[in-house]
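Working notes for the structure below.
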């Protein structure tokens, strides 16, 4: 990252298998750390529980295909929308179809031409300031 900012840390993922009960507790505390390490090593991985299936994409070209190339072929689940809508509203993170496309067109310029890279130092500083206020 430019501006002397460290690369944001990736949460430590869990190794090995855990019981469904333990997974539920880990998931509730931190969804990213609850996932097995193998999901982060694969270019794409499927994770199944009795209650849901999820997919993790770690390959930049595959992420581009899902988010920009063929978004209609990879809709977000209703379960995801129900779980995140109270926090995120009817935002790009939970919508599909024409609503998602309209929202995406609005926010796309913020991610073009290195703008996010240029903005990251300010975002990092704001995050550190928030931690200071909470600490």
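Where a number appears in this text, it was derived from the coordinates with a stated rule and is not lab data. None of these values were measured; they are calculated from a predicted model. A quick note on method: Cβ atoms are made from the backbone with ideal geometry, for glycine too, and the neighbour counts reach across all protein chains shown.
Brief remarks follow.
- Across the chain, the convex hull enclosing all Cα atoms gives 160 Å³ per residue.
- Segment residue 90..residue 27, full-extension length gain: 20.4 nm, with 0.36 nm per residue of separation and the alpha-carbon distance subtracted.
- For the chain, adding -39500 (n - 2.57) for each run of n ≥ 4 DSSP H residues and dividing by the number of residues yields -14000 deg cm²/dmol at 222 nm.
- Ordering of 116-122, 86-92 by packing [mean C-beta count within 10 Å, highest first]: 116-122, 86-92
- Taking a ≥ b ≥ c as the square roots of the Cα gyration tensor eigenvalues, the stretch 11-71 comes out prolate, since a/c reaches at least 1.5 and a/b is larger than b/c.
- The stretch 60-104: Cα Rg divided by the 2.2 N^0.38 Å rule of thumb: 1.14
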